[in-house]
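> Here it is: the structure, laid out below.
No lab work stands behind these numbers, since they all come straight from the coordinates. Quick caveat, the model's predicted, so the values are computed rather than measured. Virtual Cβ from ideal backbone geometry, glycine too; neighbours counted across all protein chains shown.
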Amino acid sequence: MLLKLKDLGVNVYLYDSITSNRSFHMKSYLFLDNDNQTLIVGSSNLSITALRTGQELNLITTNYFLITVILMFGLTCMINL
């Protein structure tokens, strides 16, 4: 699934928990559209079941400063697929 997204032009980043020997269950999804941005960070998978009926915790924001801070932290932990 992730490789299919990459083929569509989506930037996909993964956390290498094997090399780091640390768990990282949080997911983040960044949606960009011209001048708008929306970031979702939480434990949900990107599926209808997880987002509608799952017992998950997520933060959604359109605040540019908060998105920048979260991404700066997250990208230091990620590798580009």
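> Under the rule of at least 5 residues apart or a separate chain, name every residue whose amide H is placed under 5 Å from the amide H of residue 27.
42, 43, 44
> In a shell of Cβ-Cβ distance under 15 Å around residue 64, excluding residue 64 itself, what net charge do Lys and Arg (+1) and Asp and Glu (-1) give?
Every neighbour counted, the sum reads -2.
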